[in-house]
Amino acid sequence: MSTPTTTDRSDDLLTQQDPPIDTTLPAAGVTPGGVTGAATTPTAPSRPRGLRSRRTLVGAIVPLGLLALWQAVTAAGVFLPVQLPSPVAVWGAGVELVERGELGGHLAISTQRVLIGFGIGAVLGLVMGAVVGLSRQADVLLGPTVGAFRAVPSLAWVPLLILWMQIGETSRITLIAIGAFFPVYTTVASGLRHVDQHLVEVGHAYGLRGPRLLARIQLPAAVPSVISGMRLALAQSWLFLVAAELIASSQGLGFLLLDSQNNGRTDRLLLAIVLLGLLGKLTDAVIGVVERRLLRVWA
Amino acid sequence: MAITASTAVLTRPAEPVAIRDVARTFTAGGSSLPVLRDLNLDVPAGEVVGLLGASGSGKSTLLRQVCGLDTPDAGRITIAGTPVRGVDPRCAVAFQESRLLPWRTLAHNISLGLPRGTERAAGAHRVDELLDLVGLAEFRSHRPGQISGGMAQRVALARALARSPGVLLLDEPFGALDALTRLKMQDLLLDVHAAEPTTVLFVTHDVDEALYLADRVVLLGDDGRGPGNTIVSVTPVPGERPRDRADHRLAGLRVQLLDGLGVDTHHS
């Protein structure tokens, strides 16, 4: 998280900015109370719009280069098409699947599984993390157990889940929820545990306790770690989706991977990989936008 | 440096503080550290008292006990005759660090200090008034990360005043500021006290600061009659505020107080 600092604490700037304590004369051109922060702050520059689009351009160099390399290598016949089909062939496979009306279904069911599993896991992780992070007793009581469960590689649950829940949506979504739970749990618990004790003491000194202290100080202070936990959990969810769909399913991107492998359709296989990458990046970007918004306020 | 008279609608009258036979020993993992003992002090309503002492002399502990953030092992502390039990709503504290909530605007941070159940409109009015009082009206929508340390400390002071305290407690409030800002803040505190005359107890390491601000300077230290610290001397400061920083009478007291601190450092 390398957000550019909006604060410049250099002495010169501060003395310039520091208004005189004598308030009898309001600064010229400033209507008291009518000034919104960022517009007049010399220390909070708004990032020029050109910079961001330039960033996007620079970020596109490597993917486009890879694509070109891929095309060149396949055009030169270095690999057999069954080993590495050309980008054009992969595109064609995509178009074909769309025309047959199959791709939409794969995408929709996979996205749905990820969102439901992530939602369940994240909410449970948030609740558990809050309980363990806020209460020392709960930490002592539950911490070691949750830690032990966390130590089990989550894919090890697969046989048990299938045994208990049979093959179906329930077991798939449960697996994804397990994958999403732990990152959220861990970051929320440690985020709340490490809330600046000075701020908590201020809360006490100003008469805040219990739920009011939680709502006004502890939760807001932990927001950055909650968000980064969510981000990790979402990435985990896609990982576990593929695991769940590889093992047993008749639809979804993981199924497309397996099915293409069995039929020797490397073009579709690559298509599924590219789509997983794009979807993962897309959902991550959504959380990224939320994160940036929040951190602008929080940092 | 006059502050335009504030129409303080929500201010509480200053309250007297009485400290009787207070003692405090910290225990951690079997070992115990006696900090305070046999401490007696009466602070009349509206007085400004400076607590001076070497590091570890229990100044901050005493201050925290007055507002209920810490509890004496023995003795009792009363404000206006009623004992302090738990965090006392009649007190407000400001610390050496401003301790502002970084995700809130300055105005919002000040409103954290408003007494519970303050009416919204009255609260907003009070926050505006306090922003004016500390000279930050045009920075109301800024966040703590965007302002200097001195400004943050002014916000912390305004937040404490928002509570309309009968007793204002300041734990080295200017200790982390540069020398020049510190002098300005001392004057601001005098202006604030003139505008809203509450009882003030402040902790400081700085003899000059104590002499410039306080009616009386209380020196905490080891008087050699037992473990822990107690009041070694209480020095009334002559003259009316605002005082001349170069007053020769203060110079004499300064030597005397530094002497008291110096003897302490040799003992501990």
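The values are calculated or read from the model by the stated rules, or taken from the named source; none is laboratory data. None of these values were measured; they are calculated from a predicted model. With ideal geometry, Cβ positions are generated from the backbone for all residues, glycine too; neighbour counts draw on all protein chains shown. Please note that ligands, DNA and RNA were not included when accessible areas were found on the heavy atoms of the full protein model with its side chains. Shrake-Rupley method; radii C 1.70, N 1.55, O 1.52, S 1.80 Å.
Using only protein heavy atoms and a 1.4 angstrom probe, determine the accessible area buried between A and B, summed over both sides, in Å² to the nearest 100.
The buried area between A and B, both sides summed, comes to about 3600 Å².
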Exercise. With an 8 Å cut-off on Cα pairs and a minimum separation of 6 or more residues, tell me the relative contact order of segment B:17-267 in percent.
Key: 26
Quiz item: If you take every DSSP beta bridge whose two residues both sit in segment B:157-251, what share of them, in percent to the nearest 5, is antiparallel?
Solution: 55
Practice problem: Give the value in nm², to one decimal: projected area of the alpha carbon convex hull of segment B:17-267, averaged over all directions. | Solution: 14.4
Practice problem: Quick one: angle between helix B:248-267 and the longest Cα principal axis of chain B, in degrees between 0 and 90, rounded to 10, please. | Solution: 60
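Per residue of B:88-101, how many C-beta atoms from partner chains lie within 10 Å of its own C-beta, taken as a mean?
Values: counts 2, 2, 0, 1, 2, 5, 2, 4, 1, 4, 2, 8, 2, 9.
Going residue by residue through B:88-101 and averaging, the value is 3.
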Quiz item: So what is the accessible area of chain B per residue, in Å², with the probe set to 1.4 Å?
Solution: 41
Practice problem: Between the chain alone and the structure with every protein chain in place, find the residues of segment A:188-204 that drop at least 20 Å² of accessible area; heavy atoms, 1.4 Å probe. | Solution: A:198, A:199, A:201, A:202, A:204
Exercise. Note down the relative contact order for segment A:123-212 as a percent, whole number, built from C-alpha pairs under 8 angstrom at least six residues apart.
Key: 48
Quiz item: Helix B:179-195: angle to the longest alpha-carbon principal axis of chain B, degrees 0 to 90, nearest 10?
Solution: 70
Quiz prompt | Computed helical MRE - 222 nm, chain B, DSSP H runs ≥ 4 contributing -39500 (n - 2.57), nearest 500 | solution = -10000 deg cm²/dmol
Practice problem: Please report the relative contact order for segment A:85-298, taking Cα pairs under 8 Å with a sequence separation of at least 6, and give it as a percent rounded to a whole number. | Solution: 28
Quiz item: In segment A:85-298, what percent of the accessible surface is made up of carbon and sulfur (1.4 Å probe, ligands and nucleic acids excluded)?
Solution: 69
Quiz item: Probe 1.4 Å, all protein chains in place: accessible area of residue B:82 in Å², nearest 10?
Solution: 70
Self-check item: Cα Rg over Rh - the protein assembly as shown, Kirkwood
Solution: 1.12
